Every structure is written in structure tokens, then in C-alpha cells.
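Engineer: This is the structure I want to talk about, given as C-alpha cells.
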Amino acid sequence: MNEHPVTLHVMDDLRRSRLTVFFRYLLYIPHGIWLELWGIVVLVVAVLNWLVALVIGRPAAPFQRFIAAYLRYWTTVYAFLMLVANPFPGFTGEPGSYPVELVVPTTPEKQNRLKTFFRMFLLLPTVVVLYVVLIPAMLICYPLLSFAWWAAMITGRMPRGFRDLGANAIRYTAQVGAYALLVTGTYPCSSPYVGMVLGTPVVAETKTAVEAPAAAAEVPAAAEEPAAPEAPEAPSET
Amino acid sequence: MTKSSRRLLGLLIFGALAVAWVYAASRLWQTSVPSNLKLPKVDMRALVGSGELHRAEHFSLVLDLFGLAGLFLPLVVLALYATWGHRFMRESAAGPIGTGMLLAMLGIAILWMAMLPSSIGELWWLRRYGVVKYGYAEMVIGTWAALGAEFLGICLIILIVMGFARLLGKHWWLAGAPVFVGIALLVTFVQPYMAGLQPVEGHATLVQAEKRLAKKEGVGNIPLKEENVSSLTTAPNAEAMGLGPSRRIGLWSTILDGRFSEPQLEVVVAHELAHHKHNDLWKGIGWYALFVFPIAYLIARVTRRRGGMAVPLAVPLFLFAWVGLATITLPIDNAFSRRLEAEADWTALQTTRDPQAAKALFVNFVQTTNEDPNPPFWDPLLFGSHPTEEQRIGMVEAWQARSGG
């Protein structure tokens with residue numbers, strides 16, 4: 001089982017550049033500022049989108065695309081900050097540009113008006129799970145003093161378990177964000193087996209996946225079980 | 001239009017611009033200090049004492065060596081980075097501008113690492129003479145954190161340069177240079193609001209004197225403020241800052257700690273007011289504008305061999321060219337700054353008419369900063385934004401001679 005309209009594809013090869021790991025917090029700063037500025041606009045758009053969804057029963061398509069791009073961008077920035085991926089991300093949230101990518105539906109789906117109206121209250125249980133998922137991930141994956149930071153600095157590689165822990169935190173947070181911002185009506189799933197695909201290049205299937213979210217579920221069979229001991233990773237890991 | 005007439009037109013435009021440049025530079029270069037002013041030889045040994053003088057010479061010589069390292073090591077590091085830096089492009093999944101930002105930030109990060117031993121050595125020397133108060137760990141962590149601001153600054157510069165280069169191609173410098181001048185204006189304007197200035201407490205006489213001196217210099221109401229730096233350094237300093245409504249005079253808390261008498265502080269305040277009177281901050285921006293155009297043009301020329309500033313491949317070379325050209329223009333920038341400072345000294349003398357206080361102030365500067373009052377010729381050339389203390393005392397004596405004092 002791997003079906004969730006919001007899916008994280010992790011195509012990272014675990015290699016880490018010591019230089020960018022050492023300065024990762026500082027390299028994050030321009031992205032952090034851009035993320036904040038974009039986030040302010042997203043907040044306004046989200047309120048408008050909520051009103052639209054209440055009236056017509058589904059989010060507005062331009063708002064959906066805008067918020068989806070923001071969520072993709074957010075994912076790449078936090079994947080970079082939490083050492084879940086190595087390269088410096090772009091600033092546009094363009095699909096197919098990063099080894100850790102969120103596939104989100106860009107076409108609005110019909111959503112229950114009652115659930116839309118009470119969306120913020122429905123999100124309350126996810127806050128508890130967010131803490132459970134995020135705190136260990138932050139302790140282990142954040143730069144400077146965490147285990148993962150030291151491991152990457154010493155070995156030039158990210159331990160896979162740490163990477164997957166960070167990726168799962170990002171996946172769940174992105175699903176919460178997507179649900180809160182009405183990108184999807186599907187409730188976030190706390191199971192790490194749902195909505196995360198390890199070792200699957202999203203680049204090749206970007207167009208279809210993004211345009212038709214259902215296609216995102218059509219991942220190669222080998223990658224359907226992220227918990228499998230050695231799901232196919234990038235060549236350098238073998 | 002034929003090729004030769006185009007060439008002629010180009011030469012004419014270049015000639016006209018060169019004439020305008022020289023005219024503007026000569027206007028900015030002029031000061032109110034009498035051009036025939038001869039500075040007498042000053043016996044610093046008699047004023048400061050040979051022990052203190054020797055200490056200052058020793059302190060300054062070693063500090064200069066660290067200064068030289070700080071000046072030339074970046075050139076070596078960035079030259080190497082210009083050659084090898086493009087390899088870091090593989091660490092980026094961003095577009096051209098994002099990748100350019102990453103390369104620029106990594107260049108600065110590598111520079112920071114390369115400079116760290118020299119910075120630690122310099123700190124050891126400053127601590128030895130009691131000039132700074134913070135420790136090694138504070139310095140390393142502080143400069144590491146300060147890199148964040150530098151990263152932001154360089155990202156903004158890369159965004160402007162590469163953004164215009166992608167829009168205008170090799171002519172990006174024509175649009176980029178005015179934007180940099182605009183940023184310099186903005187930074188100068190907002191600086192007083194960012195400096196954490198506080199009201200001057202416990203110096204009511206000085207605050208009153210500042211009002212009197214401001215009136216005398218005809219600069220209107222300029223607030224006198226204090227900058228608390230006592231936890232960082234013992235070095236005294238003061239600065240004129242801001243433009244128009246943001247104009248302020250900031251006195252470091254270290255100059256108000258009792259080591260300087262009220263008449264000496266009045267000379268300091270009169271000096272800073274003189275900067276505002278002569279519009280020196282505007283002049284500084286004008287001077288920067290004069291240089292930023294040719295420097296941006298030269299950078300555009302140099303980086304063409306790497307495909308121009310539209311591609312990230314050129315960014316490491318951009319850093320090297322930028323720092324290299326800034327180093328080349330450093331002596332002329334310092335000379336310009338020294339002229340403005342000399343004029344402010346002269347105006348302060350005219351305003352306070354207290355040469356004894358001025359002389360005591362400059363002697364006090366030698367004693368409190370440990371700076372060599374008469375350094376070797378290359379020192380002011382490379383590091384001297386102010387006249388040497390010997391020159392400043394010489395000016396006081398020349399002023400006295402002229403005023404019949």
C-alpha cells in the first residue's frame with residue numbers, strides 16, 4: 001500500500017559534500033527568506049482558496065498550482081537543510097529538479113464542503129503526530145550538532161536510516177501542509193509506508209505525475225516497499 | 001554607419017565619459033583645507049614618550065603584517081577558486097542564478113576558512129595589547145554566524161548581476177552599477193537605525209556643546225548618540241552616519257569612558273559634525289559611483305571568457321575580479337578618505353578654536369589605540385583611511401601658526 005495523492009520521491013544517493021554540509025545552515029538562509037516571503041503570499045492565497053472551495057466545492061486551479069509549487073519548494077529546502085538530500089535546491093519549486101521531490105496534485109479535486117469548513121479543526125490530531133515525527137528528525141538531522149551532521153562531515157555520506165527518518169518527517173509535514181492548504185482532501189497518513197517512494201526517479205515521470213496525480217501511485221514494483229532492506233538506491237550505494 | 005565611423009563615435013563617447021569622470025573626481029577631491037598648507041615636523045617622542053612610541057610601532061608593525069595577509073591572501077584564495085570553483089556546480093540542483101548564488105557563497109565560505117588562522121593570529125595580537133575583549137571561540141562563532149549576512153549580501157549581488165546579464169547580455173553593467181549605487185545610498189541612509197544607537201547619558205555638557213557646535217557649523221539639528229561597544233573593544237571611535245533625516249553622530253562608549261576630557265570630546269564632535277557639514281557621506285557615495293561603473297564594466301569584460309555573467313560558470317572569476325579590482329583601487333580610496341578626514345579636522349579646529357584640546361586628543365589616540373603615529377609609507381597607502389596622528393598634530397600646529405596662536 002503506497003497510495004496517497006501527496007507522495008515523496010527520494011532519489012538521493014546518500015553522498016554528501018562536506019563543504020556544503022559544514023555551511024548548510026548558512027546556505028539555507030537565502031532559501032529561508034524566500035520561503036518566508038512566498039509563505040506570506042501562500043497564506044493569503046490559502047484563505048481565498050478556502051473561500052472558493054466552500055463556494056464551488058473544489059479549490060481554484062491557479063491557487064492549487066501556486067500552492068503545489070510552494071509545497072514542492074518547501075520540500076526541497078527542508079530536504080537540503082535536514083541533510084536528506086545533497087544538492088542546493090532551486091528557488092522555483094519546479095517539478096523534476098531535485099532528488100527529493102514531492103508529487104502533489106495540481107488539478108483540483110472535489111472536496112466535501114463540511115470538511116473544508118472545519119479543516120483547521122480536523123488538523124488538530126496531526127499536530128500531535130507532527131511533534132512525534134519532527135522532533136526526533138530535527139534532533140538527528142538538523143545541521144551542526146546532530147548525529148547526521150557529524151556522520152556526513154566525517155564520512156562524506158548520510159547514514160541511510162537518518163536520511164529516511166528525515167525524509168519521513170518531511171513527507172508527513174508536506175502531507176499535513178497539502179491537507180491544510182486544500183491541495184488534497186486526503187488526510188495525512190502517519191505511516192512511513194504511505195506516500196513515500198524511495199529510489200524512484202521522479203524526473204522521468206514528472207510531467208505525467210504532476211498533471212495526473214493518480215499516476216504518482218504507479219511506481220515501479222521494486223520501490224513500493226520503502227521498508228525493504230535494500231530498496232534500489234542510486235548506483236553509488238550498491 | 002561604417003565600421004570606422006562607429007569606432008570614431010565609440011571613441012568620442014568614451015572620451016566624453018572620461019572627461020566627465022575626471023571632472024567629477026576632481027570636484028570630489030577638492031577640500032577646504034588650504035592647498036598651500038605645510039605640515040611641520042612633529043616630535044612625537046616628546047609628545048608621547050619613547051616607551052609608548054616604541055610600543056605603538058611594535059604593535060602596528062605586527063598588525064600591518066596581519067593586515068597584509070588579510071589583503072593578499074583573499075586574492076590567492078579567490079584566484080584558486082576562480083580556477084577550480086566551477087567544480088562545485090555539481091552540488092547544485094538550482095537554475096543558473098541559484099547555482100551562481102551557491103558558487104558565490106561557497107567562495108566566501110572557503111575564503112573564511114582560509115582566513116581563519118590569520119584572523120585568530122590577529123585576535124591574539126589585539127588581545128595581547130588589550131584592544132579587544134572577546135575570546136577566540138566568540139570570534140570564530142561570531143564570524144561564522146556573520147557569514148550568514150555576507151551570504152545574503154552576495155546572493156543579492158549575484159541576483160542583480162546575473163539577472164541583468166540574462167536580460168541585457170554583456171551590457172548588464174550599465175543597469176547593475178546604478179542599482180549598486182542605489183543600494184549604497186539605502187545602506188548609508190538606514191545605517192543609523194540599525195546601529196543600536198542610544199542616547200548619550202552622563203555627558204550633559206557635551207550634549208549641550210554639540211548643539212552649540214552644530215549651530216556654529218550650520219548643520220542644523222543632528223542627534224548625538226552612543227554606541228555601546230565596551231564588551232567588544234577598548235578602542236575609542238566616533239562616526240558620522242546617515243543622510244538627510246537619518247543623520248546622526250555616534251560616539252563609541254569607549255570614547256566616553258573617562259579617558260578623554262570634555263574639550264577633547266568637543267573636538268571629536270566638531271570633527272564628526274564637519275563630515276555632515278561637507279556632505280562627506282554623499283561624497284563617499286559619489287566616489288563609489290565613480291568607481292563602480294568602470295569596475296562593473298571591467299568585470300563584465302573579464303568574465304566574458306567564461307561565457308559572461310549570465311552563466312554560473314563565471315561566478316568564481318567574478319569574485320576574483322571583484323576583490324582584485326577593489327584591492328587595486330584601495331590606495332586611491334584611502335587617499336580620498338584621508339582628504340575628507342583632514343578637512344573634517346581642519347573644520348573642527350576652525351569651529352572649536354582649541355588647538356590644545358585637539359593636540360591632546362590625537363596624542364591620546366596614540367596612547368589608547370597603540371597605533372603608530374608615523375607608520376611606514378605603505379601603511380597609509382593600504383590601510384590609512386585617516387591621516388596619521390603625526391599628520392593630524394602637524395595640522396594643528398599649522399593651524400596655530402596661521403591663526404597666530
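The values are calculated or read from the model by the stated rules, or taken from the named source; none is laboratory data. Here the structure is a predicted model, which is why all the values come from computation and not from measurement. Cβ sites come from the backbone with ideal geometry, for glycine too, and all protein chains shown count toward neighbours.
Engineer: Restricting to the range A:60-77, name every residue that is within 14 Å of another protein chain (Cβ to nearest Cβ) and of a type in the set (S, T, Y).
Structural biologist: Listed by number, the residues that qualify are A:Y73, A:T75, A:T76.
Engineer: Considering only the range A:124-135, I want to know if a residue exists there that is assigned to a helix (DSSP H, G or I), more than 14 Å from chain B (Cβ to nearest Cβ), hydrophobic (A, V, I, L, M, F, W, C) and buried (at least 21 other Cβ atoms within 10 Å of the Cβ).
Structural biologist: yes
Engineer: Let me ask you something else. In the range B:214-231, how many residues are within 17 Å of B:H278 (Cα to Cα) and touching a Ser or Thr at 6+ places or on another chain (Cβ under 6 Å)?
Structural biologist: Qualifying residue count for the region: 2.
Engineer: Please state which one of B:R45, B:R127 is away from chain A (no Cβ under 14 Å), more than 30 Å from B:M395 (Cα to Cα) and charged (D, E, K, R).
Structural biologist: Just one listed residue meets the conditions, B:R127.
Engineer: Filter the range A:4-36 down to residues that are part of a loop (DSSP other than H, G, I, E, B) and under 16 Å from the mean Cα position of the chain (by Cα) and give me whichever is surrounded by the most Cβ atoms within 10 Å (Cβ to Cβ).
Structural biologist: This residue is A:V6.
Engineer: Ok, one more. With the condition kept exactly as written, say whether any residue in the range A:87-103 is more than 13 Å from chain B (Cβ to nearest Cβ), under 15 Å from A:V183 (Cβ atoms) and touching a residue at least 40 places away in the same chain (Cβ under 8 Å).
Structural biologist: Looking through the range A:87-103, at least one residue is more than 13 Å from chain B (Cβ to nearest Cβ), under 15 Å from A:V183 (Cβ atoms) and touching a residue at least 40 places away in the same chain (Cβ under 8 Å).
Engineer: Give me a count of the residues in the range B:56-85 that are away from chain A (no Cβ under 14 Å), in contact with a helix residue (DSSP H, G or I) (Cβ under 9 Å, 6 or more places away or on another chain) and not aliphatic (A, V, I, L, M).
Structural biologist: Summing the residues that are away from chain A (no Cβ under 14 Å), in contact with a helix residue (DSSP H, G or I) (Cβ under 9 Å, 6 or more places away or on another chain) and not aliphatic (A, V, I, L, M) in the range B:56-85 gives 9.
Engineer: If you take the residues of the range A:94-131 that are aliphatic (A, V, I, L, M) and farther than 30 Å from B:A94 by Cβ, which of them is farthest from the chain's Cα centre (by Cα)?
Structural biologist: A:L114
Engineer: Please list, ordered by first then second residue, the pairs with beta carbon atoms under 7 Å, 6 or more apart or interchain, first in the range B:382-393 and of a type in the set (V, I, T), second assigned to a loop (DSSP other than H, G, I, E, B).
Structural biologist: That search, which allows pairs on different chains as well, returns B:T388/B:P373; B:T388/B:N374; B:T388/B:P375; B:I393/B:V42.
Engineer: Going residue by residue through the range A:28-50, is there one that turns out to be over 30 Å from B:C155 (Cα atoms) and without any contact (Cβ under 8 Å) to a residue 60 or more places away in the chain?
Structural biologist: Yes, the conditions are met somewhere in the range A:28-50.
Engineer: Among what's in the range A:81-122 and is among the basic types (K, R) and outside any loop (DSSP other than H, G, I, E, B), pick the residue that is surrounded by the most Cβ atoms within 10 Å (Cβ to Cβ).
Structural biologist: Out of the qualifying residues, it is A:R119.
Engineer: Of all residues in the range A:17-29, which are more than 7 Å from chain B (Cβ to nearest Cβ) and within 16 Å of A:Y78 (Cβ to Cβ)?
Structural biologist: Matches in the range A:17-29: A:V21, A:R24, A:Y25, A:Y28.
Engineer: Still on this structure: Consider B:E371 carefully, then state whether it is within 21 Å of B:P34 (Cβ to Cβ), of a type in the set (D, E) and surrounded by 15 or more Cβ atoms within 10 Å (Cβ to Cβ).
Structural biologist: Considered against the rule, which asks whether it is within 21 Å of B:P34 (Cβ to Cβ), of a type in the set (D, E) and surrounded by 15 or more Cβ atoms within 10 Å (Cβ to Cβ), B:E371 comes out as no.
Engineer: May I pose another question? What is the number of the single condition among (1) out of contact with any helix residue (DSSP H, G or I) (no Cβ under 7 Å at 6 or more places or on another chain); (2) of a type in the set (V, I, T); (3) away from chain B (no Cβ under 14 Å) that A:V42 does not meet?
Structural biologist: It is condition (1) that A:V42 fails.
Engineer: Further, regarding this structure: Please tell me if A:W50 is aromatic (F, W, Y) and either within 14 Å of chain B (Cβ to nearest Cβ) or in contact with a helix residue (DSSP H, G or I) (Cβ under 6 Å, 6 or more places away or on another chain) (or both).
Structural biologist: Taking the combined requirement at face value, the residue does not satisfy it.
Engineer: Still on this structure, I have one more. For the range B:301-357, give me each residue that is of a type in the set (A, V, I, L, M), in a helix (DSSP H, G or I) and within 21 Å of B:F151 (Cα to Cα).
Structural biologist: The answer is B:L313, B:A314, B:V315, B:L317, B:L319, B:A321, B:V323, B:L325, B:A326.
Engineer: Hey, another quick one. Taking into account only those residues within the range A:145-184 that are modelled with pLDDT of 90 or more and either touching a Phe, Trp or Tyr at 6+ places or on another chain (Cβ under 6 Å) or hydroxyl-bearing (S, T, Y) (or both), which is farthest from A:L19 (Cα to Cα)?
Structural biologist: A:T184
Engineer: When both residues are 6+ apart or on different chains and their Cβ atoms are under 8 Å apart, which pairs have a first residue that lies in the range B:1-18 and is free of Cβ contacts under 8 Å to residues at least 12 places away in the same chain, and a second that is assigned to a helix (DSSP H, G or I) and surrounded by 10 or more Cβ atoms within 10 Å (Cβ to Cβ)?
Structural biologist: From the range B:1-18, the pairs are B:M1/B:L9.
Engineer: Next question, about the same structure. Which one of these does A:G57 not meet: (1) in contact with a Pro (Cβ under 9 Å, 6 or more places away or on another chain); (2) on the phi > 0 side of the Ramachandran plot; (3) away from every other protein chain (no Cβ under 14 Å); (4) not acidic (D, E)?
Structural biologist: Only one criterion in (1) in contact with a Pro (Cβ under 9 Å, 6 or more places away or on another chain); (2) on the phi > 0 side of the Ramachandran plot; (3) away from every other protein chain (no Cβ under 14 Å); (4) not acidic (D, E) is unmet by A:G57, namely (1).
Engineer: Do we find that B:A209 is of a type in the set (G, A, S), surrounded by 15 or more Cβ atoms within 10 Å (Cβ to Cβ) and under 25 Å from B:A240 (Cα atoms) in this structure?
Structural biologist: So B:A209 passes the test.
Condition check ((1) within 14 Å of chain A (Cβ to nearest Cβ); (2) buried (at least 16 other Cβ atoms within 10 Å of the Cβ); (3) aliphatic (A, V, I, L, M)) across all residues:
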residue	(1), (2), (3)
B:M113	yes, no, yes
B:E122	no, yes, no
B:V132	no, yes, yes
B:M139	no, yes, yes
B:A146	yes, no, yes
B:G153	yes, no, no
B:M162	yes, yes, yes
B:G176	no, yes, no
B:L186	no, no, yes
